[in-house]
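Working notes, beginning with the structure itself.
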Amino acid sequence: MKNIFVLCFLMVAGLGLKAQSGGPRVGSYDENGKITGKVIDSVTKQPVDYATVSVYKQGVASPFNGASTDPNGNFTIAGIPAGDYKVTVDFLGYRRKTIAHVILGGGSKNAPMGTILLAPAQNQIKEVKITAQAATVQNKIDKLVYNPGNDITTQGGLALDVLQKVPMVSVDINGNVELMGSTSIQFLINGKPSTIFGASITDALQAIPASQIKSIEVITNPGAKYDASGTGGIINIILKDNNVQGVNGSVNLSAGTRLENGNFNINAKKGKIGVSAFFGGNENLTSATPSSGSRTSTAGDTTTYLNQNGISNFKRSGYRSGFNFTWDISPKDAFTASVGFNHFGNNSNGFVNNNQTTYLNGVALDTISRTNSTSVFSDNSTDYSLSYKKTFAKKDQELDVLFDQSIGHNTNNYTQQQDYSNVVFPSSGSIGNNPGTDKETDIQIDYTQPVTDDFTIETGAKTTMEDINNTVNTESLTNGVYLYNPTQSDQFEYSRKIYAYYLSATFSAFNHFFDGKMGLRDEYTTATSTFPNTTLPSYNILAPSFVLSHKIDKTQSIKFSYSYRLERPDYNGLNPFYNISDPHNISTGNPDLKPELGHNFEMGYNKSFSNGANIYVAGFYRYNTNDIQTFTTFYPRLTIQDSTYSNVALTQRYNIGKETTEGVNLFGSLPVGKLTFRSNMFFADRITDNPGSPEVSGFTYRINLNTSYEFAKDLAAEFFINYRSSQRTIQGTNPAFLFYNFAVRKQIFNKKASIGLTAANPFNQYVNVNQTTYGPNFNQNSLRQIPLRSFGINIIYKFGKLEFKKDKEQQDNNTPDDNAPAPGAPAAGGGGGGGK
C-alpha cells in the first residue's frame, strides 16, 4: 500500500512537470489580462473550493482556458487576451452558473468578477420564498461534507443515526464511532471542542437531535490549523443557524415506541444584529436487554466455569439549549458570542444469575448467586464562546481571535449486591458515588495573509488548559451493613496544558495543475496529577501535514494527503482507581500510558457524470506506534488494597506495540428517474504487532445502501440498510450486526410543515450481539440481545419570514444573475439602479 501511494504521487508530480514545460499558450502572460473572482454557496454562504471555472470564446463550444477555485473559493485565470468571453462555473451538486459576457480591454487588462453565488442542484425559487438544500455529499480539497437535509430515515433521530450514513464513518452496535477504522477521533461542535464529549462520547451523540444538524464534516488528514489530537482524524458537527434578515424558526416533534424527542429553534436578524436560540430534548424509553455469558479459566490444577444470565433495564435522556448573538460592528469587523447548555444521562437496573463450578483434584464446588445492580449517570455542561473577526482591504486577509470555555459536571453512581443461595457465604456488595468536574479553556488567534493570487500564508497559536477533579466515595457491605470504605475512596486532580503554534500555506503550482496546502504544527504538552506514585512526563510533537489535488477535467479529480497525529491518554484511561461494580469484571486506568502516534496517508479519486451520478474512492494507509488498546487479564484471585476477589477479569488500557491499517472506502450516488441510490462501502485490514505475542490480523467491512423514491414533489419514501462485519482483535472478536429502517414523509402547508413515519428493524425484536474474549488462561463468550425495533411519527413545522436584503457593499460584490453581463461589460439599456 505504501508503494502504491509513492508511485501515484510520483506519476502525478511528473505530469505536473510536463504541464509546466509544455503545451500551447495564448499570447504573453505579461501582455494579456486575467479574470478573478470568488465562488460561494448561495445557501450556506461558504466558499466552494475546487469548483471548475471555464472561459469560452463567444460562439465556441469548448473552453480555451480555465482554473479551479482554491479552499477559500478564489480563482485567477491569467493569460487572457482582450476580448468578449463567456464564463461558466461548475461543481458537483450545484447548478451551472453562466456569465454571458466578460469583457477585457478598453484600458483594463483585468476583469474582477466579485462574488459568484453557486446554487445547489435542489434549489427551488417561488416568488420570494426560497427552499434550498445543499448536495448530500460534498467532496472538498481537505474534507468531506455530509448534509443530512435530504435524509428521511433520520427524521426524529439522533446524531448517531446521521453518522451511520456518513462516508468513511462507521458506528457499531454499542454506539462506538470509527473513522476509517479508528476510534481515535476528535469530535467538535461548530469547530470547537466541548466537555460534552469528555464523559461519554456515545451518550453525548445520543443527546444531539438529528434535526439540529446542518452538516457533518469528516477530516481524515486535518491541516496544521487543527489540533493534532486524534490519530483517526476529526468529525465536526455543524449545527443549524440562519444569517438571513428576518425572523424564522422551526418546531420538530417525534414520538415512538423507543425514542421520543422534540426541539425548537428561532432566529432573528435586523440590520447588523442577529440572535438565535434553540432547545431540544429526547428520551430513549426504558428497554430490557437480556444477556448471557460463559467463561472458562484455569490456574494450575484448578479449572473454573462461570455461567451468567440476566436482564438489564436501560433508559437514556438528554437535552440541549443555547443562545447565539452576532454583531456586524462594521463591514470589516464582526463579533459573535454564544452560550450552550447540555445535559444527558442514563440509568439502568437489573440482575445477573451466577453459576460457578470449580474443579480441584477431581472435586467440584458449586457456587450459585445473584447480583442485583443499579447505575445512574448524569452529565451537565456549559459551553461559552467569544469570537472576533477582522478583515482588511486586501481580499482574504483576515484576523480571528477566539475564546472558548467548557465546564462539565458529571456524576456516576452505582449499587451492586451479590447474594448466595447454596453456600454459607455472607452477601457482598458496594455503593459508589463518583462526582467530577471537567473544565477546558481554549484561547486561539489565527491570521491569514494572501501573498499572491496563488499563494496564501496562515499562522496562529493556541493554548488549551484542562482541569479535572474527581471524587470517589465507596461504601462496602460489612456484616449486613454498608459502611464507608476508605481504601476504595479517594479524590483525584488532573491538570493538562497544551501550547501550540502552526504555520501553513495554500498554493497553486504549475499553472494551476496542482492545488495544495501544507503546514507544520508544534504542540507542547505538560500534565500533573495527584495519582498515587505517578509522575506524568511532558512531551513535544511536531505534526506536519499536506494535501495535493489535481483536476483531471471538470468531471474528475484526484488528491493525495498526509498527516502526523497523536492520541493523548484521556483522564479515564490514566486514572488508577478500580471500578468494582461487578466483582467478576473489574476495570481500572493505567497512569503509565504514553501518547499514541500515527502516520496517515490517503489518496482519493472523485468522478461526476452528466446524469447526476458520482463516485468517490479513497485508499488509506495508517501506521500507529505506542498503539493504545484495551487488554483483559484473568486472575484467579486479585487483591486490591485490603480486599481479595476471586475469578476476576481485569481490564486496562495499554500501549500495545504497533498497528497498521490499510483499506479503501467507496461512495457512490446514482439517480434513476424518481429513484436515488446511495451506497457506502468500507474494507480494511488491521494488523497489530505486539512484541512477545503473535501478530494479529483483523479484516472488516461495512456496506450500506440508501434508496429514496419521490412519489410527488411533496411525498417521498426512503429505505436504509447497514451491515457491519465482525472483526478479530488482539483478544477475541468484535460482533457483527445488521440494521435497517424505512421512512415516508409528506410535506404540507406549501412545504412549511411535514409529517413522517419511521420503522426501524420492524421484523426483528432484538439484534443479537455475540462477542468472544480470550487470553492465555481464560476463554469468554457473551451474548446480548439489544431491542432496536421501533416505530415512530415525526412532525416538523417551519415559520417566519425571510427578507433577502443585502447592504450596498454586498450588492456591489455579488455577481448578477445567469446570462447577465459581468463587471466591465456594458449594461443593456444604459444606466443601472439599485434595489432592495
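Yes/no matrix, rows are residues, columns are (1) under 30 Å from GLY37 (Cβ atoms); (2) in a strand (DSSP E or B); (3) touching a Ser or Thr at 6+ places or on another chain (Cβ under 9 Å):
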position	(1), (2), (3)
LYS389	yes, yes, yes
LEU399	yes, yes, yes
VAL424	no, no, no
GLY429	no, yes, yes
GLY432	no, yes, yes
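Counting only residues that are surrounded by fewer than 15 Cβ atoms within 10 Å (Cβ to Cβ) and not aromatic (Phe, Trp, Tyr), which one in segment 340-367 is farthest from GLY300 (Cα to Cα)?
So, considering only residues that are surrounded by fewer than 15 Cβ atoms within 10 Å (Cβ to Cβ) and not aromatic (Phe, Trp, Tyr), the one farthest from GLY300 (Cα to Cα) is ASP366.
Just name the residue that is farthest from the chain's Cα centre (by Cα) out of those in segment 555-565 that are among the polar types (S, T, N, Q) and open to solvent by less than 30 Å² (accessible area, probe 1.4 Å). Give the steps one after another, and end with the answer.
Here is the first cut: in segment 555-565, the residues among the polar types (S, T, N, Q) are 555-557, 561, 563.
From what's left, open to solvent by less than 30 Å² (accessible area, probe 1.4 Å): 557, 561, 563.
Numbers: SER557: 24, SER561: 18, SER563: 17 Å.
Here the answer is SER557.
So which strands (runs of 3 or more DSSP E) stay within segment 652-721 end to end and still have 1 or more residues that are free of Cβ contacts under 8 Å to residues at least 12 places away in the same chain? Step through it out loud before you land on a result.
On the way: elements: 658-672, 675-689, 696-712.
Of the strands (runs of 3 or more DSSP E) lying wholly inside segment 652-721, those with at least 1 residues that are free of Cβ contacts under 8 Å to residues at least 12 places away in the same chain span 658-672, 696-712.
Of everything in segment 111-170 that's modelled with pLDDT under 90 and on the phi > 0 side of the Ramachandran plot, which residue is surrounded by the fewest Cβ atoms within 10 Å (Cβ to Cβ)?
Applying the filter and picking the extreme gives GLU127.
Which residues, taken from segment 219-264, are among the hydrophobic types (A, V, I, L, M, F, W, C) and more than 25 Å from ASN626 (Cα to Cα)?
Taking segment 219-264 as the starting set, the residues that turn out to be among the hydrophobic types (A, V, I, L, M, F, W, C) are 219, 224, 228, 234-235, 237-239, 244, 247, 251, 253, 255, 259, 264.
Within segment 219-264, ILE237, ILE238, LEU239, VAL244, VAL247, VAL251, LEU253, ALA255, LEU259, PHE264 meet the criteria.
How many residues, within segment 682-735, are farther than 25 Å from ASN768 by Cβ and among the polar types (S, T, N, Q)?
Total satisfying the criteria: 6.
With (1) more than 24 Å from VAL617 (Cβ to Cβ); (2) open to solvent by 10 Å² or more (accessible area, probe 1.4 Å) as the list, and PRO209 as the residue in question, which single condition is left unmet?
For PRO209, the failing item is (2).
Name the single residue, out of those in segment 93-110 being open to solvent by 30 Å² or more (accessible area, probe 1.4 Å) and of a type in the set (D, E, K, R), that is modelled with the highest pLDDT.
Once the filter is applied, the top-ranked residue is ARG96.
May I ask you to verify whether ARG653 is in contact with a strand residue (DSSP E or B) (Cβ under 9 Å, 6 or more places away or on another chain), closer than 30 Å to THR296 by Cβ and either open to solvent by 20 Å² or more (accessible area, probe 1.4 Å) or at pLDDT 95 or above (or both)?
On the way: in contact with a strand residue (DSSP E or B) (Cβ under 9 Å, 6 or more places away or on another chain): yes; closer than 30 Å to THR296 by Cβ: yes; either open to solvent by 20 Å² or more (accessible area, probe 1.4 Å) or at pLDDT 95 or above (or both): yes.
Yes: the conditions hold for ARG653.
For the condition open to solvent by 50 Å² or more (accessible area, probe 1.4 Å) and touching a strand residue (DSSP E or B) at 6+ places or on another chain (Cβ under 6 Å), what is the one hit in TYR740, TYR723?
TYR723
Which one is nearest to ILE141 (Cα to Cα), of the residues in segment 590-625 that are open to solvent by 60 Å² or more (accessible area, probe 1.4 Å) and either free of Cβ contacts under 8 Å to residues at least 12 places away in the same chain or assigned to a loop (DSSP other than H, G, I, E, B) (or both)?
My answer is PHE609.
If SER587 meets every condition in (1) in contact (Cβ under 8 Å) with a residue 60 or more places away in the chain; (2) within 27 Å of the chain's Cα centre (by Cα); (3) surrounded by fewer than 21 Cβ atoms within 10 Å (Cβ to Cβ); (4) assigned to a strand (DSSP E or B) apart from one, which number is that one?
So SER587 meets the others, but not (2).
With PRO576, PRO569 as the choices, which residue is outside any strand (DSSP E or B) and either without any contact (Cβ under 8 Å) to a residue 40 or more places away in the chain or crowded, with 18+ Cβ neighbours inside 10 Å (or both)?
PRO569
Assess whether GLY692 counts as being under 20 Å from LEU593 (Cβ atoms), more than 25 Å from the chain's Cα centre (by Cα) and not hydrophobic (A, V, I, L, M, F, W, C). I'd like the intermediate steps shown before the answer.
On the way: under 20 Å from LEU593 (Cβ atoms): yes; more than 25 Å from the chain's Cα centre (by Cα): yes; not hydrophobic (A, V, I, L, M, F, W, C): yes.
Taking the combined requirement at face value, the residue satisfies it.
If you scan segment 329-369, which residues turn out to be hydroxyl-bearing (Ser, Thr, Tyr) and either modelled with pLDDT under 90 or over 30 Å from ASP396 (Cα atoms) (or both)?
SER348, THR357, THR358, TYR359, THR367, SER369
Please go through segment 726-737 and give me each residue that is part of a strand (DSSP E or B) and either at negative phi or open to solvent by 20 Å² or more (accessible area, probe 1.4 Å) (or both), ordered by number.
Residues satisfying the conditions are GLN727, ARG728, THR729, THR733, ASN734, PHE737.
With the requirement that a residue be of a type in the set (A, V, I, L, M, F, W, C) and more than 17 Å from SER62 (Cα to Cα), what does segment 81-104 give you?
The answer is ALA82, PHE91, LEU92, ILE103, LEU104.
Can you tell me which residue within segment 751-775, out of those that are out of contact with any Pro (no Cβ under 6 Å at 6 or more places or on another chain) and free of Cβ contacts under 8 Å to residues at least 40 places away in the same chain, is most open to solvent (accessible area, probe 1.4 Å)?
PHE763
Is it true that THR630 is modelled with pLDDT of 90 or more, of a type in the set (S, T, N, Q) and assigned to a strand (DSSP E or B)?
Values: modelled with pLDDT of 90 or more: no; of a type in the set (S, T, N, Q): yes; assigned to a strand (DSSP E or B): yes.
So THR630 fails the test.
Within segment 241-286, how many residues are more than 29 Å from TRP327 (Cα to Cα) and open to solvent by less than 30 Å² (accessible area, probe 1.4 Å)?
Just the residues of segment 241-286 that are more than 29 Å from TRP327 (Cα to Cα), to begin with: 253-262, 282-286.
Okay, now just the ones that are also open to solvent by less than 30 Å² (accessible area, probe 1.4 Å), so 254, 256, 261-262, 282, 284.
Count: 6.
The values are calculated or read from the model by the stated rules, or taken from the named source; none is laboratory data. Not measured: the values here are computed from a predicted model. Cβ atoms come from the backbone with ideal geometry, glycine included; neighbour counts cover every protein chain shown. The area values use the complete protein model at the heavy-atom level, side chains included, leaving out ligands, DNA and RNA. Shrake-Rupley method; radii C 1.70, N 1.55, O 1.52, S 1.80 Å.
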